[in-house]
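Written below as structure tokens is the structure these notes are about.
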Amino acid sequence: MLGSMRDGWTAPLAWVGRSAIDTAAGFGRFGSFAAGVLRAVPDVATWGRLVVQQMARLGVDSLPIALFIAAFTGIVLALQASYTFTGAMPLYFVGTLVGKTMLLELGPVLTGLALAGRVGANIAAELGTMKVTEQIDALETLAYDPLAYLVVPRVLAGLLMFPIVVAFADATGIVGGWLTALNLLDMSTPEFVRGLRLFFAPFDVRYSLIKAASFGLTVTAVGCFFGLTASGGAEGVGRATTRAVVASSMIILVLDAFWAVALL
Amino acid sequence: MSIQLIGVRKAFGDKVILDGVSLEVREGETVAIVGFSGSGKSVLLKTIVGLLRPDAGQVLVDGQAVTELPRAELYALRRRVGYVFQFAALFDSMTVAENVAMGLRRIPGMGEAEVAARVEASLRLVDLEGYGSRYPAELSGGQRKRVGLARAIATRPKYVLYDEPTTGLDPVTTAVIDRLILRLREELGVTGVVITHNLESAYRVGDRIAMLHGGVIRFAGTPEEIRRARDPLVRAFVEGRPELAEGVV
């Protein structure tokens, strides 16, 4: 009787303990992976010619989805701002809210989350498939460092292209808000621009781009990590892809809070 | 110089796969390693090129301890060793020619014209001339294996390791692959290690045959010697009669 009660108490504790150990081991493996990637960076001969190709795949090809999301975010922001401010504040504050919110928060974060799904999942699935079909081993036997050949170009492309994609998304969101203000809120362009410039600071753009770069680093590095550690065939690749998207999304939100605390 | 495995031990968790394997592959010979499924043949092959690190023991290639080599020297050693994967492991996003050229692009000073010529020669050697622009998805299983073989030999390695090169192939294609392995030995003088389930293949290509069982080399000898072996477990494998191995550890 006592034994079974003890078992009833210890089982959840054992689960918590195992989870903690697994999590710590996961961080350790990621640390080792990150150290390996840093060690591979000087091997420019291997990754140099692949960066541009990855910049096109991860950045240019992601523009349509990023701009689509940004345009509708700008529209909704303008309408909600107008709804909230009516009778309380001058309508030109719509421009202020659209500009500030797109640059400081929604431009980088929504783009980051969308690309965690598009880019992170793509990388994890591609590298995971290569792993389970022994293509990673094949690279090794052909004297290629997989970290230099596969990871470094993707991470660099993410680091460089996410800020560019986010810059376009920020601009598209603001244009979306401006067109909405013009056509649905009876605002004039000078009114919208007045609001937009009211609290604008060049730092806002830098803040947006810094966040975007950190999200690009996260999405690509996490996607590569889960892809390269995939095992167990198609099911394992699916699991790795899901984990990459979930982990990237969570880290993006944590980084979002971190940058707000650190820079604002 | 040769490949030497000395007391190699490898376990995954509690499961011991290799429990002190010792084997020497002499220069110019082809050794076929046979054994039941799950006996650790592929694990053994992977330790030779450092894809897996043994828990204990030593792997020497040309006298160099594979596990102790710094990364740059390990990659230099790998340029002397071709590896043919069980399922070819071709890069899906590349054409056949690009696959075969991958190893060549790691050779310092080799220009594009030389790479192209070597790719063509390697594809000719495996009877796949004119297939360079195709993608792996457009090839049959046997053709994929031959491309894998062409990729492994493109750098003209001293050693070639074959991981079940004929598994899943029909008897005719199996014989074609076996003939290719023999041709590589004769024309390029490569030293080979062939992992196989197929005893007919092992007899055809192996100068010696080693049987891996229970984590150790249970038997090593010429094809003739393995045919005459008295060990019941070896006989069970050779004759395909599991009843002979009943009760044998």
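Taking only region A:121-166 into account, find how many residues are touching a Pro at 6+ places or on another chain (Cβ under 8 Å) and facing chain B (nearest Cβ under 10 Å). Walk me through how you get there before you give the answer.
Keep residues of region A:121-166 that are touching a Pro at 6+ places or on another chain (Cβ under 8 Å), which gives A:136, A:139-140, A:166.
From what is left, the residues that are facing chain B (nearest Cβ under 10 Å) are A:136, A:139-140.
Summing the residues that are touching a Pro at 6+ places or on another chain (Cβ under 8 Å) and facing chain B (nearest Cβ under 10 Å) in region A:121-166 gives 3.
Given the options B:K10, B:K15, name the one that is touching a strand residue (DSSP E or B) at 6+ places or on another chain (Cβ under 9 Å) and basic (K, R).
Numbers: B:K15 fails: touching a strand residue (DSSP E or B) at 6+ places or on another chain (Cβ under 9 Å).
Unique residue meeting the criteria: B:K10.
Give A:A230, A:A169, A:A212 a once-over and let me know the one that is buried (at least 23 other Cβ atoms within 10 Å of the Cβ), hydrophobic (A, V, I, L, M, F, W, C), more than 14 Å from chain B (Cβ to nearest Cβ) and outside any helix (DSSP H, G or I). Don't jump to the end; show me each part of the working.
On the way: A:A169 fails: outside any helix (DSSP H, G or I); A:A212 fails: outside any helix (DSSP H, G or I).
From the options A:A230, A:A169, A:A212, the qualifying one is A:A230.
Checking A:E126 against (1) farther than 24 Å from A:S249 by Cα; (2) of a type outside the set (V, I, T); (3) buried (at least 19 other Cβ atoms within 10 Å of the Cβ); (4) modelled with pLDDT of 95 or more: exactly one of these is not met. Which one?
Condition (1) is where A:E126 drops out.
Of all residues in region A:130-144, which are surrounded by fewer than 20 Cβ atoms within 10 Å (Cβ to Cβ) and in contact (Cβ under 8 Å) with a residue 24 or more places away in the chain?
A:V132
Taking the criterion of being among the acidic types (D, E) and at pLDDT 95 or above, would at least one residue in region A:177-186 satisfy it? Please lay out each step first, then the result.
Here is the first cut: in region A:177-186, the residues among the acidic types (D, E) are A:186.
This time we only want the ones that are at pLDDT 95 or above, so: none.
Scanning region A:177-186 turns up no residue that is among the acidic types (D, E) and at pLDDT 95 or above.
Which of the residues spanning region B:132-144 are basic (K, R) and either surrounded by fewer than 19 Cβ atoms within 10 Å (Cβ to Cβ) or part of a loop (DSSP other than H, G, I, E, B) (or both)?
Taking region B:132-144 first, the residues basic (K, R) are B:134, B:144.
Answer for region B:132-144, where residues must be basic (K, R) and either surrounded by fewer than 19 Cβ atoms within 10 Å (Cβ to Cβ) or part of a loop (DSSP other than H, G, I, E, B) (or both): just B:R134.
What do you reckon, is A:G112 buried (at least 24 other Cβ atoms within 10 Å of the Cβ) and within 14 Å of chain B (Cβ to nearest Cβ)? Reasoning before the result, please.
On the way: buried (at least 24 other Cβ atoms within 10 Å of the Cβ): yes; within 14 Å of chain B (Cβ to nearest Cβ): no.
Against the criterion (buried (at least 24 other Cβ atoms within 10 Å of the Cβ) and within 14 Å of chain B (Cβ to nearest Cβ)), A:G112 does not qualify.
Looking only at region B:97-131, which residues are more than 14 Å from every other protein chain (Cβ to nearest Cβ), surrounded by 12 or more Cβ atoms within 10 Å (Cβ to Cβ) and closer than 19 Å to B:I177 by Cα?
Result: B:E120, B:A121, B:L123, B:R124, B:L125, B:V126, B:D127, B:L128, B:Y131.
For region A:182-205, how many residues are among the charged types (D, E, K, R) and surrounded by 13 or more Cβ atoms within 10 Å (Cβ to Cβ)? First the steps, then the outcome.
We begin by selecting, within region A:182-205, every residue among the charged types (D, E, K, R); these are A:186, A:191, A:194, A:197, A:204.
If we keep only those that are surrounded by 13 or more Cβ atoms within 10 Å (Cβ to Cβ) too, we end up with A:191, A:194, A:204.
Total meeting the criteria: 3.
Each row is one residue, and each column tells you yes or no for (1) more than 24 Å from B:G189 (Cβ to Cβ); (2) among the hydrophobic types (A, V, I, L, M, F, W, C).
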position: B:P54; (1), (2): yes, no
position: B:Q64; (1), (2): no, no
position: B:P70; (1), (2): yes, no
position: B:A101; (1), (2): no, yes
position: B:R106; (1), (2): no, no
position: B:R118; (1), (2): no, no
position: B:Y135; (1), (2): yes, no
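Tell me which residues, restricted to region B:226-243, are assigned to a helix (DSSP H, G or I) and among the small types (G, A, S). Talk me through it step by step, then tell me what you get.
First, the residues of region B:226-243 that are assigned to a helix (DSSP H, G or I): B:226-227, B:232-239, B:242-243.
B:A236, the sole residue that qualifies.
State the number of residues belonging to region B:87-96 that are under 19 Å from B:V49 (Cα atoms) and more than 9 Å from every other protein chain (Cβ to nearest Cβ).
0
For region B:145-218, list the strands (runs of 3 or more DSSP E) that sit wholly inside it and hold at least 3 residues that are within 14 Å of chain A (Cβ to nearest Cβ), within 15 Å of B:V25 (Cβ to Cβ) and modelled with pLDDT of 90 or more; which are they?
Numbers: elements: B:159-163, B:191-195, B:208-213.
It comes to B:159-163.
The values are calculated or read from the model by the stated rules, or taken from the named source; none is laboratory data. Note that this is a predicted model, so its numbers are computed, not measured. In this analysis, Cβ positions are derived from the backbone assuming ideal geometry, glycine residues included, and neighbour counts consider all displayed protein chains.
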